[in-house]
Amino acid sequence: MSTVMHNDLTIIDNGEGDEPVRERSTAPLFASVLEARLDRRQLLKGSAGAAAIGFMGLGLAGCNSGSDSDDNDGTPPPAAALLGFSAVPVNSLDVITVPEGYSHQVLIPWGTPITGDFPTFSVNSTGADQASQVGSHHDGMHFFPINDSSVDGLLVLNHEYIEPRLMHARAQGVALSGGAVPPLVAGKRPADEVLKEMNAHGVSIVRVVQGANKEWQVQPDALNRRITALTPMAIQGPVRGTDFVKTKYSPNGTMTRGTLNNCGNGYTPWGTYMAAEENWAGYFSNSGDNPREHAAYGIPTGSNGRYGWESADSGADEYIRFDASIKGASAIEDYRNEPVCFGWMVEIDPFDPDSTPVKRTAMGRFGHEGVVFAPAVEGRPVVCYSGDDSQFEYIYKFVSATNYNSATASGSLLDTGTLYVAKFNADGTGEWLPLVFGQNGLTPANSFTSQADVLVNTRTAADLLGATPMDRPEWGAVDPANGDVYFTLTNNSRRTAAQTDEANPRAGNPHGHIIRWAETGGDHAATTFDWDIFLFAGTSGEFGSAPSVGQDPKGEQLTADNILSSPDGMWIDPDSRVWIQMDSGATDPFGNCAMLTADPKTGDMKRFLVGPLGQEITGITMTPDQRTMFINVQHPGDGTSPADFAAGNYESTWPDNSPGLFPPRSSTVVVWKDDGGIIGS
Ligand code: FEO
Ligand code: CA
Ligand code: CA
């Protein structure tokens with residue numbers, strides 16, 4: 001993280017747009033070392049045939065994946081090779097590299113027109129144009145098939161943040177860093193620049209169809225939609241209508257405008273999309289006293305937010321709301337509560353273009369990386385998991401109060417239920433601690449006045465319960481074969497040796513790891529679980545300068561075929577392939593950020609795809625037939641120095657390779673197997 005002063009605007013540049021660090025004390029930590037954990041891990045695996053039947057041998061009843069079907073003769077089927085491709089070597093090229101026998105295509109780069117009068121993308125596109133174009137910094141994504149098709153559907157994707165210097169003609173030739181904005185005009189930001197930046201955030205809903213040669217294209221369609229930092233949204237759940245979210249815009253605390261910093265995503269059992277609000281705090285400023293619902297989330301205390309939106313020269317209400325300082329006589333005369341309207345999971349119905357997105361407050365307020373739902377079971381609660389991606393933050397799960405019924409299920413299931421936070425014990429067991437007002441010290445004696453208060457201050461409540469501070473929880477995934485839950489822990493440079501514990505055993509953790517657990521009895525609503533570490537990211541040990549050696553799911557040292565750093569995006573496909581995506585600042589010896597695939601049964605892992613320069617790989621979804629994969633490439637050329645930017649020398653020119661006309665652009669990439677087979681097979 002660095003602070004860049006530019007024309008009196010202080011831009012907090014968190015590197016990859018991320019993770020404000022809150023100063024906080026951590027809960028008591030277990031004193032333990034890596035070797036002890038590994039001993040325990042070997043013990044756990046010892047009788048399980050090298051994890052051949054899944055972690056701890058636990059499985060969910062009735063969850064048989066198609067590829068695991070038995071011939072019912074009493075013998076297990078022969079192990080099919082889940083990873084049928086040859087590993088892609090590490091590289092530092094400005095291209096997409098896929099395995100032999102695969103092809104790829106760039107689809108919907110930032111600026112692609114999808115609605116309205118389909119304005120052509122250029123650096124001169126206006127703020128209004130951007131509202132009809134695909135946003136920037138593609139992230140979490142899901143393919144919603146139309147009529148169960150695998151060649152026609154809605155691609156729904158998040159736009160996490162922006163690179164202002166790429167967006168405005170006035171920035172060209174100016175020595176700007178990736179997070180800096182063009183020079184202010186009379187101390188203000190031109191309002192149309194702010195509008196353009198807000199409209200490049202949010203979510204895109206795009207109908208895409210497969211045509212000749214397996215290539216996909218955008219189809220103009222009434223369902224195509226942009227949701228932005230300005231779109232009206234409803235507040236639902238226990239926080240709705242409370243004093244915490246009353247603003248000048250919504251004096252009764254039921255509505256807000258926009259969603260911000262949508263990182264990972266989720267998709268519900270009833271066919272809607274969930275966008276996570278991750279590093280939303282930095283967009284605001286509060287130059288007065290920060291209450292805990294601001295301070296615990298890192299709301300900047302200076303005079304401006306991340307992009308100075310509050311200083312738009314028009315002074316319009318939708319811009320000045322980013323200054324959360326107390327200005328009026330009461331909360332309904334200013335925007336002191338605007339930051340409390342962010343930090344939630346947002347539900348969007350992609351098939352209803354007139355629907356109002358909904359912020360589901362019962363799922364808690366934090367730096368939501370994403371959300372993953374356990375397979376829905378008729379007559380049982382709906383369960384989903386979400387990580388809070390900052391150093392020493394927590395992993396949560398939500399369990400609905402009402403049981404799932406596929407005929408009637410809707411987002412209202414997410415408005416009533418119990419939010420839990422995870423505690424990972426040293427002995428490999430774990431507990432889900434309920435964040436319920438009136439229980440476990442979440443009482444007026446500790447300054448909690450209601451369930452809404454607990455949810456608005458989720459981090460503070462979780463601190464009080466003694467949850468386990470993690471090494472930056474990013475995406476989660478659930479293995480459809482046995483219900484095991486996986487979470488990436490991307491890295492944590494600030495964890496000291498004294499702060500290590502069994503679940504976060506590496507001091508300074510530069511490359512991250514992946515943790516997984518099995519809920520007791522295979523019941524996702526259970527309040528206890530057994531956990532293990534799936535893999536440690538890192539080097540193969542052949543690189544003297546690299547500080548940390550990785551281990552694959554078998555506990556063996558990583559090799560040239562599978563070294564990785566900073567696992568972030570993750571998804572487990574219907575055949576139980578674990579897809580793992582890198583968001584790493586470390587390039588040597590890892591090369592460009594890549595995507596790998598692991599087989600949880602054999603422990604094998606291979607690199608599947610390498611991206612271009614200066615980006616991260618994120619977002620992953622497939623068509624139902626698993627013959628088309630969509631992934632996202634975010635912030636190519638992110639490492640371009642201010643001097644190189646001024647000279648027009650981008651670190652990357654991907655995907656257009658036409659730097660005079662196009663900057664590097666975040667894009668979706670479509671991948672298919674030339675023989676038409678299942679991706680990864
Ligand atoms: Fe937006 Fe935690 O990555
Ligand atoms: Ca991420
Ligand atoms: Ca990340």
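The values are calculated or read from the model by the stated rules, or taken from the named source; none is laboratory data. These numbers were taken from a predicted model, which means no experiment stands behind them. FYI the Cβ positions are ideal-geometry reconstructions off the backbone, even for glycines, and counts take in every protein chain you see. Only protein heavy atoms, including side chains, enter the accessible area calculation; ligands, DNA and RNA are left aside. Shrake-Rupley method; radii C 1.70, N 1.55, O 1.52, S 1.80 Å.
Scanning the range 658-678 for residues that are in contact (Cβ under 8 Å) with a residue 12 or more places away in the chain, out of contact with any Leu (no Cβ under 8 Å at 6 or more places or on another chain) and polar (S, T, N, Q) gives a single hit, Ser666. Within the range 599-626, which residues are polar (S, T, N, Q) and either crowded, with 20+ Cβ neighbours inside 10 Å or without any contact (Cβ under 8 Å) to a residue 12 or more places away in the chain (or both)? Across the range 599-626, the qualifying residues are Gln615, Thr618, Thr621, Thr623. Taken together, the residues in the range 533-569 that are assigned to a strand (DSSP E or B), more than 16 Å from ligand 3 (Cβ to nearest atom) and closer than 28 Å to Asn425 by Cβ amount to 8. Candidates Phe424, Phe448: the one that is over 26 Å from the mean Cα position of the chain (by Cα) and open to solvent by less than 30 Å² (accessible area, probe 1.4 Å) is Phe448. Out of Arg495, Arg506, Arg472, one residue alone is within 16 Å of ligand 3 (Cβ to nearest atom) and either under 23 Å from Val383 (Cα atoms) or modelled with pLDDT of 95 or more (or both). It is Arg472. Pick from the range 509-524 the residues that are assigned to a loop (DSSP other than H, G, I, E, B) and open to solvent by 20 Å² or more (accessible area, probe 1.4 Å): which of them is modelled with the highest pLDDT? If we take residues in the range 509-524 being assigned to a loop (DSSP other than H, G, I, E, B) and open to solvent by 20 Å² or more (accessible area, probe 1.4 Å), then Asp523 is modelled with the highest pLDDT. Could you check, for the range 313-327, whether at least one of its residues is open to solvent by less than 10 Å² (accessible area, probe 1.4 Å) and within 22 Å of the chain's Cα centre (by Cα)? Looking through the range 313-327, none of the residues is open to solvent by less than 10 Å² (accessible area, probe 1.4 Å) and within 22 Å of the chain's Cα centre (by Cα). Scoring Gly241 on the criteria (1) in contact (Cβ under 8 Å) with a residue 60 or more places away in the chain; (2) open to solvent by 10 Å² or more (accessible area, probe 1.4 Å); (3) assigned to a loop (DSSP other than H, G, I, E, B) leaves a single failure, condition (1). Listed here are the strands (runs of 3 or more DSSP E) enclosed by the range 304-387 that have at least 1 residues being within 16 Å of ligand 3 (Cβ to nearest atom) and not hydrophobic (A, V, I, L, M, F, W, C): 381-387. A count restricted to the range 77-133 and to residues that are within 25 Å of the chain's Cα centre (by Cα) and free of Cβ contacts under 8 Å to residues at least 24 places away in the same chain stands at 1. In the range 328-340, the qualifying residues are those that are aliphatic (A, V, I, L, M) and more than 15 Å from Gly288 (Cα to Cα), and the one that is most open to solvent (accessible area, probe 1.4 Å) is Ile332.
Screening Met470 with (1) open to solvent by less than 50 Å² (accessible area, probe 1.4 Å); (2) more than 24 Å from the chain's Cα centre (by Cα); (3) not β-branched (Val, Ile, Thr) gives one miss only, at (2).
Each row is one residue, and each column tells you yes or no for (1) within 16 Å of ligand 1 (Cβ to nearest atom); (2) more than 24 Å from Gly648 (Cα to Cα).
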| residue | (1), (2) |
| --- | --- |
| His138 | yes, no |
| Phe143 | no, yes |
| Val181 | no, no |
| Asp221 | no, yes |
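Selection of the range 615-643 for residues being assigned to a loop (DSSP other than H, G, I, E, B) and either under 18 Å from the mean Cα position of the chain (by Cα) or within 16 Å of ligand 1 (Cβ to nearest atom) (or both) yields Gln615, His635, Pro636, Asp638.
Out of all the residues in the range 570-583, which are assigned to a strand (DSSP E or B) and within 16 Å of ligand 3 (Cβ to nearest atom)?
Met570, Trp571, Trp579, Ile580, Gln581, Met582
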